[in-house]
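Input: a single structure, listed below in structure tokens.
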Amino acid sequence: MAPSETRRPAVAGSFYPAIREDLRDLVTGFLSGVDATPKPARGAVVPHAGLIYSGQCAAHVFARITLPPVVVILAPNHTGRCGAPGGASVWTRGSFETPLGTVSIADALADALLARCELAGHDVLAHATEHAIEVELPFLQVTDPTVTLLPVVLAWDDWRRCEALAETLAELVAQWPQPVLLLASSDMTHYESAASAATKDRKALDAIERLDGAALLEACRRERITMCGRGPAAVVVEACRRLGATQGTVVDYRHSGLVTGDDARVVAYAGIVIT
């Protein structure tokens, strides 16, 4: 696959509608259900499940943020495929496609990241069937179709590498000629009762609210919190802190049982805005 190719949708028709009009109506409906005034933000954490489960939670974030020209989305590697030696897989050219059209890659920022961070490398393999970035794109496209994207999939979640990537991202964003939003794509606790998930997730959310990425990773290990995007969230939290952010605010928390009617085995979702 050439670096300039468009990344085609992998989960259209399963995680979200494959028909353009249906997808736009779904996302617009989610956003219209949030009574909020968009404001600038340093970063955010949003879920990435099927939109019928997590879309309203994600909308609580996107409806509150004025999107800048560039959005960096960091996501976990669910597939285990990775062609970047450093484990931070970047799609550096072309665009990502959904039924709503394409989102262009912020190629200059991608090049700058690869030049400064030995962990990052061009890697289409990790992105080919990964859903965690793709599911966020319809919200960007509906909210501001001119946004450009820097997509990064992480194959690790240790603090040493999270801190190193956060440091590089913070330096790049601080000097970039355009405003940049840092966004972590993550669900929270998986396949436990709603009550257990809420108790565990509160510990992770406390760390995010304090902008303490190291504490977030430690809480997930200590409490066995199955937050799939804990690495991306730790990176975003630390980078935002270095850029002057002072707090994370949980704007929505919910779980799949609210849709399925089964609270015994849920996946939980949190929406967090970092300012």
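The values are calculated or read from the model by the stated rules, or taken from the named source; none is laboratory data. The structure presented is a predicted model; accordingly, all values stated were derived computationally and were not measured. Note that we place each Cβ from the backbone using ideal geometry, even for glycine, and neighbour counts take in every protein chain shown.
Some values worked out for this structure:
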{"item": "Selection within segment 33-54 - part of a helix (DSSP H, G or I) and surrounded by 24 or more Cβ atoms within 10 Å (Cβ to Cβ)", "result": "54"}
{"item": "Filter result (acidic (Asp, Glu), out of contact with any strand residue (DSSP E or B) (no Cβ under 7 Å at 6 or more places or on another chain) and crowded, with 17+ Cβ neighbours inside 10 Å) within segment 135-162", "result": "157"}
{"item": "Unmet criterion (only one of (1) buried (at least 17 other Cβ atoms within 10 Å of the Cβ); (2) farther than 19 Å from residue 173 by Cβ) for residue 119", "result": "(2)"}
{"item": "Among the residues listed as 138, 145, 179, the single one being within 15 Å of the chain's Cα centre (by Cα) and not polar (S, T, N, Q)", "result": "138"}
{"item": "Any pair with Cβ under 6 angstrom, 6 or more apart, that starts in segment 204-222 at a residue that is farther than 14 Å from residue 239 by Cα and ends at one that is surrounded by fewer than 22 Cβ atoms within 10 Å (Cβ to Cβ) and basic (Lys, Arg)", "result": "219/203"}
{"item": "Residues that are in contact with a strand residue (DSSP E or B) (Cβ under 7 Å, 6 or more places away or on another chain), farther than 12 Å from residue 45 by Cα and not in a strand (DSSP E or B), drawn from segment 229-267", "result": "239, 245, 256, 257, 265"}
{"item": "Residues of segment 98-132 satisfying the condition of being out of contact with any strand residue (DSSP E or B) (no Cβ under 8 Å at 6 or more places or on another chain) and not small (Gly, Ala, Ser)", "result": "100, 107, 111, 116, 118, 129, 131"}
{"item": "Pairs, first in a strand (DSSP E or B) in segment 3-32, second buried (at least 18 other Cβ atoms within 10 Å of the Cβ) and at pLDDT below 95, C-beta under 7 Å, six or more apart", "result": "none"}
{"item": "Hey, residue 254 within 23 Å of residue 153 (Cα to Cα), crowded, with 16+ Cβ neighbours inside 10 Å and not hydrophobic (A, V, I, L, M, F, W, C) or not", "result": "no"}
{"item": "Filter result (among the polar types (S, T, N, Q) and touching a Ser or Thr at 6+ places or on another chain (Cβ under 7 Å)) within segment 197-228", "result": "226"}
